[in-house]
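Have a look at the structure below, then the notes.
The values are calculated or read from the model by the stated rules, or taken from the named source; none is laboratory data. Because the structure is a prediction, the values reported are computed rather than measured. All Cβ positions, glycine included, derive from the backbone under ideal geometry; neighbour counts span all protein chains shown. All accessible areas refer to the heavy atoms of the entire protein, side chains included, with ligands and DNA or RNA removed. Shrake-Rupley method; radii C 1.70, N 1.55, O 1.52, S 1.80 Å.
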Amino acid sequence: MRFLSIAFLFVLLAACSSPEVELQLSEQSAVLDCQAQSWATMVTSGGDWTLSADGPYAWIVPSRTQGKMGDLLSFAVQANPARNSRQAVYHIISGSQSLEISILQEAEKVVSQPASKGAYKHVVILGVDGGGAFFQKTSTPNIDAIFDKGAVTYEWKAVFPTISAQNWGSILHGVLPEFHRLTNSIVASMPYDPASPYPSIFRVVREAMPEAVLASFCNWDPVNIGIIEDGLGVHKWNGPDDPAVADAVVSYLEGKKPTLLFVHFDSCDGAGHGSGYGSPNHLAAITAVDGLIGRIHQALKDRNMLDDTLLMVVNDHGGTPGGSHGGDTEAETTVFFGAVGKTVDRDTPIVDGDNRDIAAIAAYALGLECPETWTSRVPTGVFWDVTGGEHKEQEIPVSEDRKHETEETPALSEIQKLLSGHEVLAYLPLDGNEADAFGKVTTAISGKLYYYDAYYGQGVALDDGDITLEGISVGTGSFSAAFWLKTGGVSGDPSLLSNKDWNDGYLDGFVFSLREDDIKFNAGGKGRSVRMDVTAPLPIDYKEGWMHIALVVDRKAQQVRLYEDFTLQGQGAIPEALQGVPFDALPLRIGQDGTGTYKHRLPAQLDEFILTADVLSEADIAALKAYYR
C-alpha cells in the first residue's frame, strides 16, 4: 500500500509539472478600410478563455466574450462614414496567459473628397417602368457592376397611387401627386403648364443654367408630352421600344454631353401587365433592360463623362402577380433605387427615400436650390456629406376665386352685352329659381333644389335634384357651357351636364362629369362601337370654394377643350369615327345624366350657367374672366 501511494505521488507531480498549452491566435491584428465588414481569428488554448475590451466600442461587436479551444472569434465592424482613423483593443485571457487583439480602421483621404453639392457636371436618370424591387430576383450583371461602389436600396418607395403618371410626375417635379395633379390620361394629351408652381427638374435646370444641354428619350410618349414642359429647349425623342431608345441615347452621346439626361424604358411594365410582376417573363424583361443600361453606361465611359456624372436608376412602381398596380401593397410600392458618382455614400444605408426625392438629388448634384414649392429632399445615405431631414410639409395654396364672397348679380344687360356675339341657348343666373333669363328655353325640375348665396346672388344646390333644358339638341354642331361650381368632393362620377345614359360610355350622346380628381367629357355613338374621353385635373384647392368651369366642343376643329378658372387644362381630338355623328340621345340635364336616374348624384352648387350653340374662343374665355373678376 505504501509503494502504491508513492507511485501515485510521482504521477501527480509529473502531471503538475507538465508545460501549460500556449495561448495562440491565428490572427492577432487587422488593418481595415472604412467599409462595413467582418474580421475573425481562431483561438488555440489549453482551457476556457474570456475576452475583455480596453474601452466601449460602439462601432465593433465581437461574436462572443468567452469560449474554449478551437472556437472562432469574429468581429462585426461597422462602416466609418467619417473615414477617420479608429482602433479597438481587446485582451483574450486563458489561465495565466493573455494576448492583445488590435483592430484598426485606417483613415481615408477625405481631404480630397469633394462636397456633393455642385460636384457634378452631368446627371443621368435611367427610368425603368414597372421594375419595382424585382431587380434582386433576377440577373442584372450590369447594374451590379455599375453600383458596386454606389448607393443601392430595394426599399425605396413609390408615391401613391402607384401609377405611372403620378410617379414619373413626382420623380421629375419633386412633389406628391396631389400637387402636380398628373394622371395617365392627362399626360397623354395635355402639355404640362409651363408656369406651374411645381416645375420639373428640367425647368429648374434651364432657369438656373441657360446654356445647359437637356434631353429626354422615352418609350412612353406621355413623359415628353405632358410631364416635361415644352419650350425649355429639351431634346425630346420618343421611340417604339426599349432597344431603339438605347440606340438613340448612345448615338446622341456621341455628339453631346448633356447636363441632364432622362431615359425611360417601358418593356418591364408591359411584361408585368401581360404575365404578372415577378413572373419569369417580367424578370427576363428586367435582365434585358439591364443590358441596355450597360450600353448607356459604356457610352458615358467612352465619352469620359463618368467622373463628373451622377447616374441614377429609378423605378416608378412595382406590381402584383396578377399583373396590376396602383394599390398600396409592398409589391407595388417598394422599388429599386441606385446612385453612383464620386460623392455617393457607399457605406450608409439609404433612409426613407421616395420617388419625389429624385428631383432634389438631381438638383443638389448640379448645385441648384430646390424650389420652395417642392417637398422633396436628399435622403440620408445618398451622398457622403448629406443627412436628410423630414419631408417638408406643404400647405395647399388657395386661389382668390375660392375666397370670393357673394356679390349682387349684375344687371342682365351686362351679360347680354358680353354674349352678344354668340348663339346663346340658355343663361341661368339661378337666383332663387331655375328660369332661363334670356327666355330661350323651358326648364323643368326633378327632385328637390336648394338655393344658397353663391358667386353672384344665389346658386342652386343639386344634391337632391336636377334641371332639364327642354328641347335643346346639340346635333353635330359646336357648343359650349360655362358656369361656377362649388363642391366639397364627390363619390363616383356624377354628371354636370349630359344627354346620355352614363352607365355606358359607348352609348350615344355626351356627358360632362365631375370626379374626385378631375373633370371628364365623354361622347359615344355608332351603335356602341366607339367612344372618346377627355379629362382635366381639378385644381388642388378646388374643395375650398368657387371655381369656374368651361366646356368647349368645337366640331369644326374636331376638338374638345376643358377650362378651369379660365385656363385651358385639358384637350383632346374628336376621333374620326365620331366626326359628323350627332352628340344627342336623351333630354339634356344639369346635375344628372340623360336618364335622370344615374346612381351618383351631384353634391355641388352651380351658379351663372351659360350654354351656347357655338365655340367660346380663348378671347371669350378671357372676357368671361374679366367680367367675373
Handout entry: Stokes-Einstein D in µm²/s, Kirkwood radius over Cα pairs - segment 118-213 at 10 °C with 1.306 mPa s viscosity
Key = 101 µm²/s
Exercise for the section: Could you pull the accessible area for residue 148 with a 1.4 Å probe, rounded to 10 Å²? Expected result: 120 Å²
Exercise for the section: Mind ranking 32-44, 610-622 by how tightly packed they are, going by the mean number of other C-beta atoms within 10 angstrom, highest first? Expected result: 610-622, 32-44
Problem - the chain - mean residue ellipticity at 222 nm from DSSP helices (-39,500 (n - 2.57) per run, n ≥ 4, rounded to 500) - result: -5500 deg cm²/dmol
Exercise for the section: Kindly flag which residue pairs out of 117/392; 486/599; 543/599; 117/256; 500/543; 117/149 have an alpha-carbon separation exceeding 25 Å in this structure. Expected result: 500/543
Problem - Globularity ratio of segment 140-266, using Cα Rg and 2.2 N^0.38 Å - result: 1.09
Handout entry: DSSP-defined beta bridges in the chain - what % are antiparallel, rounded to 5
Key = 80 percent
Completion exercise
Mean separation of Cα contacts under 8 Å (at least 6 apart) over the residue count of the chain, i.e. the relative contact order in percent, is 13 percent
Completion exercise
Sorted largest first, the C-alpha extents of segment 284-365 along its principal axes in whole angstrom are 43, 29, 22
Fill in the blank from the handout: Computed over the chain: longest principal axis from alpha-carbon atoms vs helix 164-173 long axis, angle to nearest 10 degrees, is 70 degrees
Handout entry: Estimated inter-spin distance, residue 44 and residue 230, nm [label 7 Å along Cα→Cβ]
Key = 8.0 nm
Exercise for the section: Take the Cα gyration tensor of segment 111-173, multiply each eigenvalue by 5, square-root it, and list the three semi-axes largest first, rounded to whole angstrom. Expected result: 25, 19, 10
Exercise for the section: For segment 86-219, give the percent of accessible area contributed by carbon and sulfur heavy atoms, probe 1.4 Å, rounded to a whole number. Expected result: 54 percent
Practice task
Could you pull out which residues in segment 148-188 have an amide N less than 19 Å from a spot 7 Å beyond the Cα of residue 330, following the Cα-Cβ vector?
Solution key: 153-160, 162
Exercise for the section: Tally up the carbon and sulfur contribution to the accessible surface of segment 555-629 as a whole percent, 1.4 Å probe, everything protein left in place. Expected result: 53 percent
Exercise for the section: Please compute P(r) over all alpha-carbon pairs of segment 468-584, binned at 10 Å starting from zero, and give each bin as a whole-number percent. Expected result: 14, 48, 32, 7, 0
Completion exercise
With bins of 5 Å, the percent of all Cα-Cα pairs of segment 409-482 per bin from 0 is 3, 14, 22, 25, 20, 11, 4, 0
Fill in the blank from the handout: In segment 238-350 the accessible area split gives carbon plus sulfur, as whole percent at 1.4 Å, a share of 49 percent
Fill in the blank from the handout: As straight-line cross-link partners of residue 440, the qualifying aspartates and glutamates (C-alpha separation under 14 Å, not fewer than 8 residues apart within one chain) are 423, 470
Completion exercise
Ordering 527-533, 287-293, 361-367 by per-residue average of other C-beta atoms within 10 angstrom, highest first, gives 361-367, 287-293, 527-533
Practice task
For the chain, find the longest principal axis of its Cα atoms and tell me its angle to the long axis of helix 2-17, 0 to 90°, nearest 10.
Solution key: 50 degrees
Exercise for the section: Might you tell me the accessible area per residue for the chain, computed with a 1.4 Å probe and given in Å²? Expected result: 42 Å²
Handout entry: the chain - Kirkwood radius from inverse mean 1/r over Cα pairs (Å)
Key = 29.0 Å
